[in-house]
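Down below is the structure, laid out as structure tokens.
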Amino acid sequence: MTDALIVTRNLTHTYRSGSMTVTAVRDVSLEIERGSTVAIIGITGSGKTTLVQHFNGLLRPTSGAVIVDGLDVGSKDVSLSELRRRVGMLFQSPERQLFERTVYADVAFGPRRLGITEAEVRARVSAALEAVGLSAREHGQRSPFELSGGQMRRAAIAGVLAMEPQVLVLDEPTVGLDAEGRSELYGYLRRLRRDRGITVVVVSHDMAEVAALADRAYVMHYGRLVMQGAPREVFAQPEALLRWGLRPPPISELLAILRARGLDLPHDALSLDSAFDAILRARGNGHEPGGGQGVQ
Amino acid sequence: MTRALIELERVSYSYGPRIALDDVSLEVAAGEYVVVLGRNGGGKTTLARHLNGLLVPDRGRVVVEGLDTRDPEERRKVRDVVGMVFQQPAQQIVATVVEDDVAWALAERGLPGPVIRERVERAMEAVGIADLRDLPPHKLSGGQQQRVAIAGVLALRPRAIVADEATAMLDPLSRLEVVRLLHALRRRYGLAIVQVTHLLEEVALADRVAVVDGGRLVMDGPPEEVLWDLERLRQLGLAVPEQVELAARLRSAGLPLSPDSLTVEALARGIAR
């Protein structure tokens, strides 16, 4: 890997409460490349949230190491404020954390604590709002609670962006949003990556979301990293995904069932177009398949 | 159709200046499974809240088993006929252990202890949470919490359950389990189910799909009618499940697929045949 921004080595995290101990993350080693978009997937309780909470120092390793942009998260000397400036984190349903009277004030809350001039704050707020498709002029003076669900979530993301982080960690960013809200959010995340080179880490259980966004997917199960690769590689193994309690995207699931029934179908036909062509070919259908790939 | 269990007659409702429902008429028959679909802000939650009298129409009326929700006395009775389950599992919890939570509404209605115990027992068994009875609900997963909420409603012995985005906050497998549970309860008790969702993937097994947008009922029919109209669904801001889109293209390419090839399993059967 060329330029790893986040590295974990044999990361283990154990929660203690009285005499009880629970190991939520067990011996996880991974590298996340600068400027990439990655997805951490797994069922509830798989350890994915615990894992990413190490990325901005909310948690420290019980053993093993986490290095973020050269900063050693496990070290006693690491500057947490520096770490959190570089890694912006957004939890589930972040709109519940909006609290200021106006959208502008909410997004400006973080930057105002950086000791920069009000003009700089203003510039950052405008840029952050714009990056998520809101305008300081149109939405800035409104109450956050007048926005739609999708807009509220994007306003919360703007609050993190205004801190100009290098990494954006989003925990289940689209839960509760409808199809429009989701696809808008995806669009803005893609733009952030393209225009600002921000590294995006998405924690998700939505396979379609992962397939649409991520360069790389990491599957967690009971604290262990059980699978990683490009989404097309991961989703080409629906049987394994089901074993980890995950439901593969419908197309991979369909192709797996058809293969089990003896149809000759490739493992990497994950897109709708390629599945369409492969099925028509396997069925020996006389009609010309789409995309001009009907070679028999 | 037999006489409707729930009837909405030309219902309109506004929040201040904002019109949320605009002249909506809809009937739900006893034992029918209806999915109400629509993008956020389209009016589907407002519609759901009319079904058990949580909201009362500005114009028009809602009649449940002959009870008109505009009348406060009848509205109270309606709440025992139509039970509601909501989106946020944790916010529906009222007691410190599962068993008491399921018993809550019954105790509130002053039913005698033995009756409460018997009903709670059966409701917990029906939704598969009997072995969780002594646990604090906040320790449960989201899917388990929704089961507790459903058991609490079931213990009231309703004729219908309205699930308002009850699966929206769950992971995909828990989502599927809750939907399967609703189907099972419908088969076992003949309950009508009204499931409000923005997720098209959950509708294939319903009897009927009603789509609400801009406060109006814009589509209404069996899934094998509504789901094939991909163009219209997209215009309405609904994400068409990939397998349905694939099935539609395979059909137009001449593959003989029946109109009910809407789930991954049904489509696979149709293709492999």
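Solvent exposure of chain B amounts to 42 Å² per residue of accessible area, where only protein heavy atoms count and the probe is 1.4 Å.
Across chain A, C-alpha contacts under 8 Å between residues 6 or more apart give a mean separation that, scaled by the residue count, equals a relative contact order of 20 percent. For chain A, what % of the accessible area comes from carbon and sulfur atoms, probe 1.4 Å? Of the solvent-accessible surface of chain A, carbon and sulfur hold 48 percent.
Of all DSSP beta bridges in the stretch B:12-167, what percent run antiparallel (nearest 5)?
On the way: 6 of 10 bridges.
That works out to approximately 60 percent antiparallel.
For A:GLN141, the shell of other residues with beta-carbons less than 15 Å away shows a net charge of 0, using +1 for Lys and Arg and -1 for Asp and Glu. Shielding of peptide A:254-262 by partners, expressed as the average count of other chain Cβ atoms within 10 Å per residue Cβ, is 4. If I take every Cα pair under 8 Å that is 6 or more residues apart in chain B, average their sequence separation and divide by the length, what percent do I get for the relative contact order? Rounded, it is 22 percent for chain B. Among residues other than B:GLN146 whose Cβ falls under 14 Å from its Cβ, what is the net charge (Lys/Arg +1, Asp/Glu -1)? Residues near B:GLN146 contribute -3 overall.
The value of relative contact order for the stretch A:1-136, using C-alpha pairs under 8 Å at least six residues apart, is 19 percent. Summing Lys and Arg as +1 and Asp and Glu as -1 over all other residues whose Cβ lies under 9 Å from the Cβ of A:ASP268 gives a net charge of 0. The spacing between the stretch B:149-223 and the stretch B:25-68, judged by their C-alpha centroids, is 13 Å. Interface B-A: total buried accessible area of about 3000 Å², 1.4 Å probe, protein heavy atoms only.
What is the packing order of peptides B:149-162, A:163-176, taking the mean over residues of other C-beta atoms within 10 Å and listing the highest first?
Details: B:149-162: 23.4, A:163-176: 21.3.
Ranked by mean Cβ neighbours within 10 Å, highest first: B:149-162, A:163-176.
Under 22 Å of direct C-alpha separation, and excluding same-chain neighbours fewer than eight residues apart, B:LYS139 reaches these lysines: A:LYS48.
Under 27 Å from the Cα of B:LYS44, which lysines turn up, not counting those fewer than eight places away in the same chain? Hits, sequence-local ones excluded: B:LYS77.
The values are calculated or read from the model by the stated rules, or taken from the named source; none is laboratory data. Small disclaimer: the values here were computed from a predicted structure and weren't measured. Counting neighbours? That spans all protein chains shown, and the Cβs are built from the backbone with ideal geometry, glycine included. Note: accessible area is taken over every heavy atom of the protein model, side chains too, but ligands, DNA and RNA are not part of it. Shrake-Rupley method; radii C 1.70, N 1.55, O 1.52, S 1.80 Å.
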